[in-house]
Amino acid sequence: MRLRIHRGTREIGGTCIELETMGARILLDLGLPLNAKDLASTPLPDVEGLSAPSASLLGIVLSHGHRDHWGLVPKVNPAIPLVMGEATERIIRAAADFVPDAVALKASHQLEHRKPIQLGPFTITPRLVDHSGFDAYAMEISSGSKRVFYSGDLRAHGRKRKLFDALISDPPRDIDLMLMEGSSLGRLADDATFPSEENLEEAFVTRFEQTEGFALVACSAQNIDRVVTIYRAAKRTGRGLIIDAYAAEVLKATGHESIPQPAPGWPNLAVYIPQRQRVQLKTKGISALVDGYRGFRIWPGQLAGSAPRSVMLFRGWMMSDLAQANALTGARVFWSQWDGYLADGQTGAALKADCERRGIAFETIHTSGHAGPSDLKRLAAAVAAKRLIPIHTFERLRFPDLFSNVELANDGEWIDV
Ligand SMILES: [Zn+2]
Ligand SMILES: [Zn+2]
């Protein structure tokens, strides 16, 4: 077996790994680079069979639903089989109605925790992991006597940290080559740790208690761990959580009744359809979607009155609805995603500026979706691969200091396993 990393040896985003054995090939992830302007102007990696059909390309396996791992898939020949988690497939489909450039993807096989899948000569054994993206997998790929382990994106401080502990206590064995993500390197000191989702819950509780009006939390609806954290903090402070149709559809698509959603058993949750979304749903001919939220709706005239008892999953463009409804008195905005999006020219920067103009307090409460260096060390030691190649990192040169058996690779070069 041999492999090549098309993108990711020196960057986070655009992850794509090609594996080949006995004349057959598969791809692990086909992501959109972080610095991509748009889908149309971003070229596909140089993989035979992505555009013109090739019988040797057996499929594309997607580790999870973040765009930096699947974003280029809409550009490939639709006949190529796609493999992904069942909830990932549903969430991508649900989001497609709301997110520009998005499409619904159809899986030919579904990843399930520890259930091997056979694709030609490749046996893929997924491991569900803790990550900010829902339904995320690491995976072992074996063929003959050779074994590769790909970490995907993962962490140990989220709501599913038991999965990380399980991976450490019962790791894949006899791994010849491990591809391990290193997103946190360079973002966190080697001996420091990220706050846990439980830590964040406490921080939100304190802040919600201090907030007189609306607590507006800007986070990704697809970061299910975070939505749960915010829901729990809202409930503990006597507030209800207000979500929009996009978040409602994503939460329903998880397929887990234990996750907050507009369904029986979740009285602390309401759905508000912002004006812009109402128009969008009408234009797309899917206005009937909102019928599913009957009994959970909150209307513009109720926003101001509900504000002191509510938390809203919020995005910058929703501000005009709240302003129109006079619901911004005493409001505070909490930024609960990567602070890179607050840099000049990014979407978060516009929201921050808008808050300044309106005199609304703006604060970041966030933790990473990726394992810190000490957790990565535990993972690398547990797997004890013969060779460890950095991927999904801007700091590959830090790897040899932190881990054993590190080998540095270059984008596009074939590596014999
Ligand atoms: Zn991810
Ligand atoms: Zn990623």
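The values are calculated or read from the model by the stated rules, or taken from the named source; none is laboratory data. On a predicted model such as this, the values are computed, not experimentally measured, just so you know. A quick note on method: Cβ atoms are made from the backbone with ideal geometry, for glycine too, and the neighbour counts reach across all protein chains shown. Keep in mind that these areas ignore ligands, DNA and RNA; they rest on the heavy atoms of the full protein, side chains included. Shrake-Rupley method; radii C 1.70, N 1.55, O 1.52, S 1.80 Å.
A few comments on the model shown:
- Cα gyration tensor, the stretch 69-179 - rounded (a/c under 1.5), prolate or oblate: oblate
- Qualifying aspartates and glutamates (Cα of each under 20 Å from Cα of LYS284; at least 8 residues distant if same chain): ASP97, ASP101, ASP244, GLU249
- The trypsin sites (Lys or Arg not before Pro) of the stretch 265-296 that meet both conditions, a loop assignment by DSSP and at most 16 other Cβ atoms within 10 Å of the site Cβ, are LYS284, ARG294.
- Hits among lysines - C-alpha to C-alpha of LYS282 under 29 Å, sequence gap 8 or more where chains match: LYS37, LYS75, LYS106, LYS252
- Computed magnitude of the charge dipole of the stretch 197-364 (debye, nearest 20; Cβ of K, R +1, Cβ of D, E -1): 620 debye
- For SER132, no residue has an amide H sitting under 5 Å from its own, ignoring neighbours fewer than 5 places away on the same chain, with H placed 1.01 Å from N.
- Rounded accessible area of SER196 (nearest 10 Å², 1.4 Å probe): 10 Å²
- 10 °C / 1.306 mPa s Stokes-Einstein diffusion coefficient of the stretch 197-364, Kirkwood radius on C-alpha pairs, µm²/s: 99 µm²/s
- Extended-chain gain in nm, criterion 0.36 nm per residue less alpha-carbon gap, THR123 and LYS377: 88.8 nm
- Simple spin-label estimate for TRP414 and ALA96 in nanometres, 7 Å along Cα-Cβ: 3.5 nm
- The phi torsions of the stretch 65-75, fed into the Karplus equation with coefficients 6.51, -1.76 and 1.60 and a -60° offset, translate into couplings of x, 7, 4, 6, 10, 9, x, 8, 4, x, 8 Hz, rounded to whole numbers, with Gly and Pro shown as x.
- Net lengthening on full extension, THR347/VAL279 (0.36 nm per residue, minus Cα-Cα): 22.3 nm
- Qualifying GluC sites (Glu not before Pro) in the stretch 333-417, where qualification requires a DSSP coil assignment and no more than 15 other C-beta atoms within 10 Å, comprise GLU407, GLU413.
- For a straight C-alpha distance cut-off of 20 angstrom, the aspartates and glutamates reachable from LYS352 (same-chain residues fewer than eight places away being disregarded) are GLU212, ASP321, ASP339, ASP344, GLU363.
- Label zone at VAL103, where the point sits 7 Å out along the Cα-to-Cβ direction: the stretch 5-33 residues whose backbone N lies under 19 Å: 14-17, 27-33
- Distant-in-sequence amide contacts of LEU34, defined by a placed amide H-H separation under 5 Å and a gap of 5 or more residues or a different chain, comprise GLY14.
- Taking label points 7 Å from Cα along the Cα-to-Cβ direction, LYS37 and ASN77 give a separation of 2.9 nm.
- Taking 7 Å steps out from each Cα toward its Cβ at SER287 and SER169 produces label points 5.4 nm apart.
- Each Lys and Arg contributes +1 and each Asp and Glu -1, all at the Cβ; summed about the Cα centre of the chain, the dipole is approximately 980 debye.
- Distance between the stretch 89-148 and the stretch 218-284 - C-alpha centres, whole angstrom: 25 Å
- Working from Cα pairs under 8 Å separated by at least six residues, relative contact order for the chain is 20 percent.
- Computing FRET efficiency as 1/(1 + (r/R0)^6) for LYS115 and GLU407, where r is the C-beta to C-beta distance and R0 is 25 Å, gives about 0.25.
- Near ILE242, the amide H atoms lying under 5 Å from its own belong to ALA270, VAL311, MET312, LEU313; only residues 5 or more places off or on other chains count, and H is placed 1.01 Å from N.
- Counting only protein heavy atoms and a 1.4 Å probe, the chain has 41 square angstrom of accessible area per residue.
- HN-Hα J in Hz across the stretch 95-109 - Karplus 6.51, -1.76, 1.60, θ = phi - 60°, x for Gly and Pro: 6, 4, 6, 10, 9, x, 6, 8, 9, 8, 9, 10, 8, 8, 9
- Per-residue HN-Hα couplings for the stretch 82-91 [Karplus 6.51, -1.76, 1.60; θ = phi - 60°; Hz; x = Gly/Pro]: 10, 10, 7, x, 5, 5, 4, 4, 5, 5
- Potential extension, ARG294-GLU209 segment - 0.36 nm per residue separation minus Cα distance: 27.7 nm
- Cα shape, the stretch 280-324, gyration tensor, a/c 1.5 rule: oblate
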